[in-house]
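Here's the structure, in structure tokens; my notes come after.
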Amino acid sequence: MPTSLNEFGEPVVRVITLNLERDGGEDGEDGEHPHRWRAAHEELLTPRRPDVILRQEATYSHLDDDRRLRAAEDILGMKGFLSPNGSGRNPTALFLRRDTFPHARRLQQLRYWRTPPTIVVTQLAEAPDVDVVIASWHAAFNSPRGREREAEELSALADKMKKGAAFIGGGDCNEYPLPHGEQVPHIDWSSPAVTDLVHIRHRTNAGPDGTRVSCTYLDDTLLGCGLHDPARHAAHEMGMAGALNPTAGHAADGQGGGRRIDRIYLDPWLIQAVLAVSVLDTTGLSDHHAVEVVLSRRKLAEALRREFAPLAPSSALIHSVDAGSPSTKSIEGTTR
């Protein structure tokens, strides 16, 4: 919890991603919103005064003409956007603070997603001529092939950097970061403690020798497009080791324990505006912890105007290539 809004000694922009398990639950018979939903918005999010919230599992927010989405707008003092319902029936959502991002429009829905992402194009108040593409996603929990297609759809958003647009995106990736520099090692899928056989198939591919290999395609793809993971940046360039704490898996039995499933990605200019990254404990509210990225507002404006050079590709990607990490897949779904 920040001690004050001025803890960094300069104006900041806060980005938070939160998968609130099934939107905190159903409304009561009297129409009252559930305790976990209210606590997440009133006690976790509002005091931090975020400028961008990337929400997942907005399960009930579309009911009764978006009643819960509008209630969240009122509590947060932000403008809300909600994706259409997909086959997963847990829409994504996105909130923007209007004095930071005065105008926004929805981008056309990306195809091939089990749970459609919420995507907007907006502009920072200090840089009104530069588009910022912001995306909240929830990758398919049940399909390595599905997540590969979804990651490739996200690469189309990253491609907009070529025309001068900035990129902020994140959410529940439902697979793992590339291993280099991570605090928590990848799961040993052969361990007798990993007993959820369906989960193994959801989160792994077959290696050349038949062993199961953790899925890292989404991370590999986004880093390969030149995007950066601010948690890695904060941990290795700024000494903030807690930025790499696990965000999910701690509440599930037989799945290998906590891992860094929820992540945010920034373009190679915006990453240089990062002041801090932290994992926010949501025990009692959700099965996923939240991730907060704090950006210097001054540096963010400079990044949008591209007043400095882009940061080189992530070392996680470089070491993955050097080590021959099996992060690409053949047609059969095996690694090579």
Item checked: Among (i) 5, 19, 22, 22, 17, 9, 4, 1, 0, 0; (ii) 6, 27, 36, 23, 7, 1; (iii) 5, 23, 32, 26, 12, 2, 0, the entry that matches P(r) over Cα pairs in 10 Å bins from 0, in percent as calculated here -> (ii)
Margin query: Under a crude label model (7 Å from the Cα following the beta-carbon direction), how far is residue 35 from residue 121 in nanometres?
Written below: 4.5
Notebook entry, point to check: Kirkwood hydrodynamic radius of segment 186-239 from all distinct Cα pairs, in Å?
Noted result: 13.3
Next item on the list: Provide the solvent-accessible area of residue 101, counting protein heavy atoms only and rolling a 1.4 Å probe, rounded to the nearest 10 Å².
Entry: 10
Check: To the nearest 0.05, what FRET efficiency results for residue 195 and residue 153 with a Förster distance of 30 Å applied to their C-beta separation?
Finding: 0.35
Notebook entry, point to check: Farthest toward the dipole's positive end in segment 185-299, which of 295, 240, 278, given Cβ charges of +1 (Lys, Arg) and -1 (Asp, Glu) about the Cα centre?
Noted result: 295
Notebook entry, point to check: Which whole-Hz couplings ³J(HN,Hα) result when phi for each residue of segment 162-169 is put into the Karplus expression 6.51 cos²θ - 1.76 cosθ + 1.60, θ = phi - 60°, listed in order with x for Gly and Pro?
Noted result: 4, 9, x, 6, 9, 9, 10, x
Notebook entry, point to check: Between residue 105 and residue 49, what FRET efficiency comes out of the Förster formula 1/(1 + (r/R0)^6) with R0 = 30 Å and r the beta carbon distance, rounded to 0.05?
Noted result: 0.80
Item checked: Alpha carbon centroid spacing (whole Å) that separates segment 213-236 from segment 282-301 -> 17
Next item on the list: Rounding to the nearest 20 debye, state how big the charge dipole of segment 38-169 is about its Cα centre with +1 on each Lys and Arg Cβ and -1 on each Asp and Glu Cβ.
Entry: 260
Check: Accessible area per residue, 1.4 Å probe, Å², for segment 141-225: what's the number?
Finding: 42
Checklist line | Extension gain, residue 143 back to residue 71 (0.36 nm per residue minus Cα-Cα distance, nm) | finding: 22.6 nm
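The values are calculated or read from the model by the stated rules, or taken from the named source; none is laboratory data. Given the structure is predicted, the values throughout are model-derived calculations rather than measurements. Neighbour counts run over all protein chains shown; Cβ positions are idealised from the backbone, glycine included. Keep in mind that these areas ignore ligands, DNA and RNA; they rest on the heavy atoms of the full protein, side chains included. Shrake-Rupley method; radii C 1.70, N 1.55, O 1.52, S 1.80 Å.
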